[in-house]
Amino acid sequence: MLCLYCAPIMSACVVPIPMLYALLRSFLFLLPAELSHDLGLKGLRLAHRCGLGALLRYEIPALPTTAFGLQFANPVGLAAGLDKNADYLDALGALGFGFVEVGTVTPKPQPGNARPRLFRLKAERALINRMGFNNKGVDHLVEQLKRRSWRGIVGVNIGKNLTTKVEDAAQDYLICLRKVYAYADYIVVNLSSPNTPGLRSLQFGEPLQALLTLLQQEQVALSQVQQRHVPLLLKIAPDLSDEEVTSIAATVRKVGLAGVIATNTTLSRTGVETSAYCGEAGGLSGAPLTRASTAVVQKLAAALAGSMPVVGVGGIMQGADAVDKVAAGAALVQMYSGFIYRGPALIRDAVLALQQTRNG
Ligand SMILES: Cc1cc2nc3c(=O)[nH]c(=O)nc-3n(C[C@H](O)[C@H](O)[C@H](O)COP(=O)(O)O)c2cc1C
């Protein structure tokens, strides 16, 4: 609803959306990355609450897509990590995403790593982050989900607390799974953040099989009790050998997961060697990740042989990158860094490009 004071501003506003976003971006990009991230999200939520969200929103064509038994208005989603606590869900959803993934959430609130922990590599259209799962805890996220008014598809990405030993990680995933199950459309087991020590080791062999089996069994039990099927997905890293991708694919098939999200950020610094931030620890995302992530989508999709959908994420900076992910075998795509650099225009570009491909 448009508030009393904002309606006149909106009707008087003749600045086209791309120019408005460019103006906002040039202001926000003057600030340190994490501060501009927080201010940008708070501003977006305020605009949405005042009924001014339309100033930042493009007309997004419908491109209905079905995956893991869910109906998506379009196949372009927001990747995990931007809205860790579901504090901005309604405002983000209203921009036209086909789905929004919130989290990573952990059982207990935790502050994450010391700041600065987010770096903007402008020339490379990239980000490096070592946030370390900063979040307000699963109970807060659940309260936010109960209050949401956006009716699009919402995924919840779950993780473990820093203080929980890797050997005990299953308990943290179980706590989150049980708490979010009634409020999520799908749930993602995140084993691929490079910023929680030891987490990525759970992506392999026996530890992966044991953890996923436990969680999938719990999913089946919850779906029976709650009479609601909430698909369980796994999110993987891009820094995997071909053999590792094949082995993960075999495990998720055996366990009977609903899908896989590929990929998280990379530890590689290829493409950003000349940046002042190249030496910063953390995961690299954005343009330098595009090809590596698409290659993982391709290998994974081939290994899964159509047994379950793949969600392609990593370096989608323009419509063509989304098309490449789908050509590589993705059923859905997600974006994070590209959205920071290009704003809501990228949602429209991706949906339009995918629509064109679908129409042949
Ligand atoms: C600042 C930042 C925080 C992130 N936090 C999370 C997270 O909490 N959980 C997660 O699964 N992925 C997280 N990611 C990874 C993104 O969801 C995405 O997989 C990755 O950035 C690659 O996509 P992109 O190139 O479009 O950014 C984060 C990425 C960034 C840049």
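Observations, loosely collected:
- Peptide packing: for 47-55, 177-185, 201-209, 92-100, the average count of neighbouring Cβ atoms within 10 Å per residue gives the ranking 92-100, 177-185, 47-55, 201-209, highest mean first.
- When the Cα positions of 331, 28, 121 are compared along the charge dipole of the chain, 28 comes out farthest toward the positive end, with charges on each C-beta of Lys, Arg, Asp and Glu.
- Count Lys and Arg as plus one, Asp and Glu as minus one, and take only other residues whose Cβ is under 14 Å from that of residue 72; the net charge is then 0.
- Prolate/oblate/rounded label for region 40-118 (Cα gyration tensor, a/c 1.5): oblate
- Computed from Cα atoms, the angle from the helix 169-180 axis to the main principal axis of the chain rounds to 50 degrees.
- Gain in span if fully extended, residue 25 to residue 246, counting 0.36 nm per residue against the direct Cα distance: 75.5 nm
- Note on residue 299: lysines with a C-alpha under 27 Å away, same-chain residues under 8 apart excluded, are 235, 254, 325.
- Between region 146-175 and region 201-241, the alpha-carbon centres lie 12 Å apart.
- Counting only Cβ charges, +1 for Lys and Arg and -1 for Asp and Glu, the dipole size of the chain around its Cα centre is about 660 debye.
- Loop sites in region 235-334: GluC sites (Glu not before Pro), DSSP, at most 11 other Cβ within 10 Å: 273
- By average C-beta atoms within 10 angstrom, highest first, the peptides 32-39, 264-271: 264-271, 32-39
- Legend: translational diffusion of region 65-358 by Stokes-Einstein, Rh = Kirkwood radius over C-alpha pairs, 10 °C, 1.306 mPa s; D = 85 µm²/s.
- Per-residue ellipticity at 222 nm from helix content only, as computed over the chain with -39500 (n - 2.57) for each DSSP H run of at least four residues, stands at -12500 deg cm²/dmol.
A short reminder: the numbers here are calculations on the coordinates, not readings from a lab. Small disclaimer: the values here were computed from a predicted structure and weren't measured. Counting neighbours? That spans all protein chains shown, and the Cβs are built from the backbone with ideal geometry, glycine included.
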